[in-house]
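First up is the structure itself, then whatever we jot down about it.
Values in this text are rule-based calculations from the coordinates and carry no lab data. Computed from a predicted model, the values in this text were never measured in an experiment. Neighbour counts are summed over all protein chains in view; Cβ atoms, including those assigned to glycine, are modelled from backbone coordinates with ideal geometry.
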Amino acid sequence: MNTLASCPECGGKAKWEPPFYVCSVCGLALRRQEYQRLVDKQKEVLYEAQVEQGEGQDKKRKRNRDYLDWYLGKKE
Ligand SMILES: [Zn+2]
């Protein structure tokens, strides 16, 4: 069983010390359920952030392309 996990608060190493996950960096102690809930929530947030970032990049790319079209169109 893997007893190392990452702390949902600071990302440091958290050790499974029944019945808690104890973070070796910030000292956060969480019961397994609480820990799991926080990690799941963190994953959701991370996923949403990635989606947002992806959309932002698409928009930026599109803007660059529009500008290029406009620029090339003007030159002709
Ligand atoms: Zn921590």
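In a GNM of the chain with a 10 Å cut-off on Cα contacts, which of LYS59, LYS43, LYS15 has the highest mean-square fluctuation?
Residue with maximal mean-square fluctuation among LYS59, LYS43, LYS15: LYS59.
By how many degrees, between 0 and 90 and to the nearest 10, does the Cα long axis of helix 32-75 differ from the longest principal axis of the chain?
10 degrees
Please list the three semi-axes, largest first and in whole Å, of the ellipsoid equivalent to segment 4-75, using sqrt of 5 times the eigenvalues of its alpha carbon gyration tensor.
46, 11, 6
Percent relative contact order of segment 1-66, based on C-alpha pairs within less than 8 angstrom and at least six residues apart?
That works out to 18 percent.
Using the Cα centre as the reference, give the magnitude of the dipole from point charges on the C-beta atoms of the chain (Lys, Arg: +1; Asp, Glu: -1; all else neutral), rounded to the nearest 20 debye.
200 debye
Number of Lys pairs in the chain with C-alpha atoms less than 23 angstrom apart, excluding same-chain neighbours closer than eight positions?
Lysine pairs meeting the criterion: 9.
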